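Below: the structure, in structure tokens.
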Amino acid sequence: SVSMFLNTLTPKFYVALTGTSSLISGLILSGNLHFYAFVVFFPFAPVKSRSYLVRLIRRELVFLINLEYSSKMGEIHYCVFLFLTECKVWRNPLNLFRGAEYNRYTWVTGREPLTYYDMNLSAQDHQTFFTCDTDHLRPADAIMQKAWRERNPQARISAAHEALELNECATAYILLAEEEATTIVEAEKLFKQALKAGEGCYRRSQQLQHHGAQYEAQHRRDTNVLVYIKRRLAMCARKLGRTREAVKMMRDLMKEFPLLSMFNIHENLLEALLELQAYADVQAVLAKYDDISLPKSATICYTAALLKARAVSDKFSPEAASRRGLSTAEMNAVEAIHRAVEFNPHVPKYLLEMKSLILPPEHILKRGDSEAIAYAFFHLQHWKRVEGALNLLHCTWEGTFRMIPYPLEKGHLFYPYPICTETADRELLPSFHEVSVYPKKELPFFILFTAGLCSFTAMLALLTHQFPELMGVFAKAFLSTLFAPLNFVMEKVESILPSSLWHQLTRI
């Protein structure tokens, strides 16, 4: 039966088989440009240093394979880490005041600058920072524990006033300063009252923190409250023009609580130092917090780029640079800009005012549009102050996308965006804002042409195999239509040229 089946196969079957295999090969070729899987490792070569053989991206899973070779022990250690590509959302260290700033925008424009998702994340943060398991033992703290869970702003404010009638509650003052105060001056007064109450609670809980788990939790809560109040007071001083005072408060806070990095106070300090134009102090802060291999935020990498650009931007000219080439300082500045753009490519359009700014959200997504808005909202003035910095950024930032190799996973600092990035930014940013999406590198024309040709060939082969007579009619009609203009031109030429000349030309 097998021999009979093989003998009955026609050439059309082989044409169809060839076209189908070409289609599958084209799909595999284009797919390999996006996903690289390193399955087999050769541990026999002496690897002298640790190397990371990254990355297999498969929708929701990232496998990072760390290969380490120890020449002394003669062993090879494979450590396989499994990570979920979650879009982690961070608290915006430069978030505005709801009552004094966000609400003013709503009064003027009638638009809500904060989304429900963003405010819900803030409510969760408040419950984490400002509450503990022992709050039910104190009436004022019990009321505030319920207040942080309230969705209605007026209900939260009423609960804070009710708590203050019972006791001097630091968290109640915080809520009123954040949401009821309509100016920064009023917010600062309320935060000073909160500081007085918070310091008393902190001293009492500090003496009892080692007496049990409940006292440790209470001390942790009181520490978070005190740090939050001092940080917001420093931000009030910065907004009211007392920048040197704000810098001193931030430095003291970082020295007093060096382990509390969750608030990212160093980013507030960087912005204040840039306002003072204390660029040497900015460089000192960057030297402590900047990691060359993996930038931690847009504030860090773009501030580093600004300092490098400041050294050459006032005399930079694209025409002169193209003639003589880039100097060492200019090359360092361009590389710093490329590094920053590779980390967050959405920032330059806001700094160059190619896209309109909105109020920053209370939470940001690292490397996302929300982080770009939060950075540009506070740092655009610092880029404008440095002469020629924006011009240098304008001339060089788009070159980053030409430097990133294909596939994008092989970039020097670039690691792929999770598939949920745009969705997370959409939930953090208001509906009237157009979310910026990472400009993906386009496929080369040859690959697109090859994939299209393979698909077209396979389709023709399949149709020819299934409907040979009909496809023959279509082929004749197509060829006659294709050559009709040529036949028309040839007839005209024959009618114009003498027959003897035309005969000589055809012989040639």
Task: Meets criteria (within 19 Å of Ser436 (Cα to Cα), of a type in the set (A, V, I, L, M), assigned to a helix (DSSP H, G or I) and in contact with a His (Cβ under 6 Å, 6 or more places away or on another chain)) for Ala372 - done: yes
Open item on the list: Every residue in region 116-150 that is acidic (Asp, Glu), open to solvent by 30 Å² or more (accessible area, probe 1.4 Å) and within 34 Å of the chain's Cα centre (by Cα), please.
Closed with: Asp125, Glu150
TODO: Give me a count of the residues in region 107-135 that are closer than 18 Å to Gln209 by Cα and in a helix (DSSP H, G or I).
DONE: 3
TODO: Taking Ile508 as meeting all but one of (1) modelled with pLDDT under 70; (2) open to solvent by less than 50 Å² (accessible area, probe 1.4 Å); (3) over 30 Å from Cys301 (Cα atoms), write down the number of the exception.
DONE: (2)
Open item on the list: So if I check each of Val341, Val347, which one is crowded, with 18+ Cβ neighbours inside 10 Å, assigned by the TED database to the domain that holds Lys384 and within 13 Å of Leu390 (Cα to Cα)?
Closed with: Val347
Task: Condition broken by Arg220, with the remaining ones in (1) open to solvent by less than 80 Å² (accessible area, probe 1.4 Å); (2) touching a residue at least 40 places away in the same chain (Cβ under 8 Å); (3) closer than 19 Å to Glu256 by Cβ satisfied - done: (1)
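Out of region 172-202, which residues are more than 22 Å from Glu150 (Cα to Cα) and either modelled with pLDDT under 85 or touching a helix residue (DSSP H, G or I) at 6+ places or on another chain (Cβ under 6 Å) (or both)?
Selection gives Thr183, Ile184, Glu188, Gln193, Leu195, Ala197, Gly198, Cys201, Tyr202.
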Open item on the list: Filter region 169-211 down to the residues that are outside any helix (DSSP H, G or I) and without any contact (Cβ under 8 Å) to a residue 40 or more places away in the chain and list them by number.
Closed with: Cys169, Gln209, His210, His211
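Here's the yes/no breakdown for (1) closer than 29 Å to His126 by Cα; (2) at pLDDT 85 or above:
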{"position": "Ala309", "(1), (2)": "no, yes"}
{"position": "Ala321", "(1), (2)": "no, no"}
{"position": "Gly325", "(1), (2)": "no, no"}
{"position": "Asn344", "(1), (2)": "yes, yes"}
{"position": "Ile358", "(1), (2)": "yes, yes"}
Open item on the list: List pairs: first residue in region 142-154 and under 15 Å from Ile174 (Cα atoms), second residue surrounded by 16 or more Cβ atoms within 10 Å (Cβ to Cβ) and of a type in the set (Asp, Glu) anywhere in the structure, Cβ distance under 7 angstrom, at least six positions apart or on different chains.
Closed with: Ile143/Glu162; Gln145/Asp135; Pro153/Glu179
Open item on the list: Given (1) within 14 Å of the chain's Cα centre (by Cα); (2) of a type in the set (D, E, K, R); (3) open to solvent by less than 20 Å² (accessible area, probe 1.4 Å), identify the lone condition not met by Glu362.
Closed with: (1)
Task: Subset of region 120-166 [over 22 Å from Phe97 (Cα atoms) and of a type in the set (A, V, I, L, M)] - done: Leu137, Ala140, Ala142, Ile143, Leu166
Task: Qualifying residue in region 246-268 (condition: open to solvent by 60 Å² or more (accessible area, probe 1.4 Å), touching a residue at least 40 places away in the same chain (Cβ under 8 Å) and closer than 23 Å to Glu188 by Cα) - done: yes
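Yes/no per residue for (1) at pLDDT 90 or above; (2) part of a helix (DSSP H, G or I); (3) not acidic (Asp, Glu):
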position	(1), (2), (3)
Lys255	no, yes, yes
Leu259	no, no, yes
His266	no, yes, yes
Ala272	yes, yes, yes
Ala280	yes, yes, yes
Leu286	no, yes, yes
Ile292	no, no, yes
Lys296	no, no, yes
Thr303	yes, yes, yes
Task: Every residue from region 324-349 that is over 18 Å from Thr299 (Cβ atoms) and not small (Gly, Ala, Ser) - done: Arg324, Leu326, Thr328, Glu330, Met331, Asn332, Val334, Glu335
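The values are calculated or read from the model by the stated rules, or taken from the named source; none is laboratory data. Bear in mind the structure is a predicted one, so any value in this text is a computation, not a measurement. FYI the Cβ positions are ideal-geometry reconstructions off the backbone, even for glycines, and counts take in every protein chain you see. The accessibility values were calculated without ligands, DNA or RNA, using every heavy atom of the protein model including side chains. Shrake-Rupley method; radii C 1.70, N 1.55, O 1.52, S 1.80 Å.
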